[in-house]
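Peer 1: Next up is a structure, given as structure tokens.
The values are calculated or read from the model by the stated rules, or taken from the named source; none is laboratory data. Note that the structure is a prediction, hence the values are computed from the model and not measured. Neighbour counts run over all protein chains shown; Cβ positions are idealised from the backbone, glycine included.
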Amino acid sequence: MKDRLLTLALALGAFVAFYIVMAPKLSTPEEQPTRPISVEAGPNGYLGLARWLEAERVPVLSLRERFTKLNELPGLEASTGNLLVSTAPHIYPIRDTEVAPLRAWVRQGNTMLLVAGLSDTPDWSMGEGVDTEFLEHLQDMTALSFTQMPNEASEQSDDTQDADDEPPPSWSDAVDAQMKLVEPQKFEMKPAAAHPLLTGVSKVRALSEYPTAKWDGWFNETGAMELAHDPVSGAPVLWLLPAGQGQIIVSAYGSILTNKLLAEDGNAQLLANIVRWSLRDGGKVIVDDAHQGMVAFYDPEAFFGDSRLHVTLWWLLGLWLLFVVGSQRLRPAPSRWSPVDITGFVRASGGFMARVMRPATAGQQMIANFFNDARKRLGLPADGAPVWEWLRAQPAVSTQDVERLQAWHAKVHQGRRVDLSQLHNLLVRLRAALT
């Protein structure tokens, strides 16, 4: 009898531990930043945008499906003359199967306004589900390619530049660092020239809660028009791209339409111009809520709130307890443990790192390790900083190898892909020459 009671107590303890670990936890609104969706009343939401447009008798629809369902959206009568507002980076990144339907929908006579957090980094873009292929997905949606502009500090002369100043981190560096600014950075966009989309707009306000960089874009098909730029850096931040019978408007600021900024400066006027310029013959404004996490194809709250799920779990728990405390004896399972040799362990670890680490990141660390070995020989701190002058001064080292290493060092720090096998062989050759 004591064995049965002990078994029952242990079973209940196992159930409690399972519930604590596996049951979904309710998160408070303060734990995660609000997201740019049409029903969100928080600082990053679009509820102000939706209510303002509805007050002006502009119909607003919420897209809670993938872009493959754009033409099947309930309440969307017109197939042309509509405006799609999509905010990136997405928490649910665009799939390859969505690219062709989205481009076809725009080309048939619709407008897409893509509000992308490129030149600003809002707090919602740094939370759960960071899109590691953000730039690639932007190019898939718009055919617009982006390149990071040089920092202002790097363009100054050595006479005026402070040696202790560090350039601001790039977008990828900010993602890795996860260092939120004490005070958000304030940015502006100002018209580059007169255009109907910028009528009555003198400047548009943007905020960045994380470090960011400036980006430039170019279009390889029929050309893109630069509509506005950052008055401080001169970087373009608003483009207009033709696409068949439709057009694409891209903003490099992802925060300009949120509740906290819509009433600032010319933000609302810019939106009004875009809506007036885009809608035709019964067209509607469509807010892309699906790619920001508000979807119709799966709702976790509805799933866990279903009473049928609770009844099923209680039945399973009762049957499990009956099995545990019943008369059946549990036989010990035979051990099938077999040790893994060290070669297999190294191979598995290397395969895991190769899947989760970007080639540029691996290349940065390989080069840093090489220079750390050199700096230790010179009695310098092992901080990974290059010592190019010392390396060129070594008689056994080929000048061509040094120049090649410099080129690869520049590529990996720009986040570009390199051949890790060739980089490894080059570093081995340099180490052999220095010994």
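Peer 1: Can you find even one residue in region 342-361 that is at pLDDT 85 or above, surrounded by 12 or more Cβ atoms within 10 Å (Cβ to Cβ) and either of a type in the set (Phe, Trp, Tyr) or not in a helix (DSSP H, G or I) (or both)?
Peer 2: No - not one qualifying residue is present in region 342-361.
Peer 1: Got a number for residues in region 76-109 being assigned to a loop (DSSP other than H, G, I, E, B), over 21 Å from residue 276 (Cβ atoms) and over 23 Å from the mean Cα position of the chain (by Cα)?
Peer 2: Number of matching residues: 0.
Peer 1: Residue 138 - would you say it is touching a strand residue (DSSP E or B) at 6+ places or on another chain (Cβ under 7 Å), more than 25 Å from residue 269 (Cβ to Cβ) and not in a loop (DSSP other than H, G, I, E, B)?
Peer 2: yes
Peer 1: With modelled with pLDDT under 55 and in the same structural domain as residue 232 (by TED's automatic domain parsing) as the only criterion, which of 176, 140, 120 stands out?
Peer 2: The unique qualifying residue is 176.
Peer 1: Continuing with the same structure: Give the number of residues within region 374-403 that are assigned to a helix (DSSP H, G or I), exposed (fewer than 15 other Cβ atoms within 10 Å of the Cβ) and not β-branched (Val, Ile, Thr).
Peer 2: Here the count works out to 8.
Peer 1: Among residues belonging to region 404-435 that are part of a loop (DSSP other than H, G, I, E, B) and polar (S, T, N, Q), point out the one that is modelled with the highest pLDDT.
Peer 2: Filtering region 404-435 for residues that are part of a loop (DSSP other than H, G, I, E, B) and polar (S, T, N, Q), the one modelled with the highest pLDDT comes out as 414.
Peer 1: Right, next: Applying the selection to region 4-49, what residues are assigned to a loop (DSSP other than H, G, I, E, B), at pLDDT 80 or above and among the aliphatic types (A, V, I, L, M)?
Peer 2: Within region 4-49, 37, 39, 41 meet the criteria.
Peer 1: I want to confirm something. Restricting to region 200-216 and keeping residues that are among the polar types (S, T, N, Q) and surrounded by 15 or more Cβ atoms within 10 Å (Cβ to Cβ), which single residue is modelled with the highest pLDDT?
Peer 2: The selected residue is 208.
Peer 1: Has region 260-272 got any residue that is touching a residue at least 40 places away in the same chain (Cβ under 8 Å), surrounded by fewer than 22 Cβ atoms within 10 Å (Cβ to Cβ) and assigned to a strand (DSSP E or B)?
Peer 2: For region 260-272, residues touching a residue at least 40 places away in the same chain (Cβ under 8 Å), surrounded by fewer than 22 Cβ atoms within 10 Å (Cβ to Cβ) and assigned to a strand (DSSP E or B): absent.
Peer 1: Something else about it: If you go through region 181-196 one residue at a time, do you hit one that is at pLDDT 65 or above, of a type in the set (S, T, N, Q) and either assigned by TED's automatic domain parsing to the domain that holds residue 90 or farther than 20 Å from residue 230 by Cα (or both)?
Peer 2: Yes, the conditions are met somewhere in region 181-196.
Peer 1: Now for a different question. Just need a number here: residues in region 355-376 that are without any contact (Cβ under 8 Å) to a residue 40 or more places away in the chain and more than 25 Å from residue 417 (Cβ to Cβ).
Peer 2: Result for region 355-376: 2.
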